[in-house]
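Everything below concerns the one structure shown next.
The values are calculated or read from the model by the stated rules, or taken from the named source; none is laboratory data. Computed from a prediction, not measured in an experiment: that's the story for all the values here. FYI the Cβ positions are ideal-geometry reconstructions off the backbone, even for glycines, and counts take in every protein chain you see.
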Amino acid sequence: MKVICRFSCGAASAVATKRALVKYPDAAIYRNDTGSEHPDNERFMRDCEEWFGKKVNVLTSDKYKNIWEVFDAKKFLASIHGAPCTSEMKRITVEEVKRVDRFKAQNEERIIECPLIDAGLTKKYCLDILVGADIEIPMMYKLGFKNNNCLGCVKARDNLDYWKRIRKYFPERFEWYAKK
């Protein structure tokens with residue numbers, strides 16, 4: 001059996017990976033690089049690799065450079081079925097049980113473990129664990145974002161505070177979305 005840890009450069013996925021490696025020390029760690037996240041994620045990933053004691057395998061699309069190319073190619077940002085860029089699950093904490101249930105139902109052939117949900121860990125607790133491990137949290141959290149998503153995550157479509165922050169810190173991205 002091959003065990004894979006999904007690392008997204010978010011606080012929750014970092015702690016989930018660390019916990020999984022205790023149970024499965026030979027697990028492989030994979031990150032899907034969307035080409036659309038804050039550049040500080042590279043520093044965070046290197047810090048986490050040191051903490052994990054192993055390298056993260058980085059996967060990129062051979063078709064798209066970033067999420068904005070996906071949106072242009074698919075000709076939509078999001079639908080009732082979700083966004084075209086969200087086929088990969090990035091982070092799961094106890095607040096997201098419904099998301100896990102949906103993922104498990106759609107992937108019955110896989111054994112899926114959720115170490116954060118099983119332990120009842122919240123995102124806040126995960127951030128505290130990183131601070132306790134002397135790992136500098138990703139820049140998006142420092143800028144006040146609740147998630148370390150892509151710059152302009154379409155899943156935050158109804159979150160005005162989120163889009164105000166995008167407009168303030170990443171005005172060129174905000175303008176791109178506003179024009180779409």
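Listed values, structure above:
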read-out	value
Residue that is farthest from the chain's Cα centre (by Cα) [pool: residues in region 33-49 that are crowded, with 17+ Cβ neighbours inside 10 Å and within 20 Å of Asp134 (Cα to Cα)]	Asp47
Residue within region 52-60 that is of a type in the set (S, T, N, Q) and at pLDDT 90 or above present	yes
Condition met for Ala78 (in contact with a helix residue (DSSP H, G or I) (Cβ under 8 Å, 6 or more places away or on another chain), surrounded by 12 or more Cβ atoms within 10 Å (Cβ to Cβ), more than 24 Å from Phe170 (Cα to Cα) and not aromatic (Phe, Trp, Tyr))	no
Tabulated pairs, region 138-154, first at positive phi, second among the hydroxyl-bearing types (Ser, Thr, Tyr) and surrounded by fewer than 21 Cβ atoms within 10 Å (Cβ to Cβ), C-beta under 7 angstrom, 6+ apart or interchain	Gly152/Tyr177
Test: residue in region 101-113 that is modelled with pLDDT of 75 or more and closer than 16 Å to Ala14 by Cα	yes
Yes/no for Ile135 being farther than 25 Å from Ile166 by Cα, outside any helix (DSSP H, G or I) and β-branched (Val, Ile, Thr)	no
Pick from region 64-100, criterion modelled with pLDDT of 70 or more and among the β-branched types (Val, Ile, Thr), ranking: nearest to the chain's Cα centre (by Cα)	Ile67
Close pairs from region 163-175: first over 14 Å from His38 (Cα atoms) and acidic (Asp, Glu), partner at pLDDT below 95 and surrounded by fewer than 12 Cβ atoms within 10 Å (Cβ to Cβ), Cβ under 7 Å, at least 6 apart	none
Matching entry among Leu127, Leu121 (being at pLDDT 95 or above, more than 22 Å from Ala28 (Cβ to Cβ) and surrounded by 12 or more Cβ atoms within 10 Å (Cβ to Cβ))	Leu127
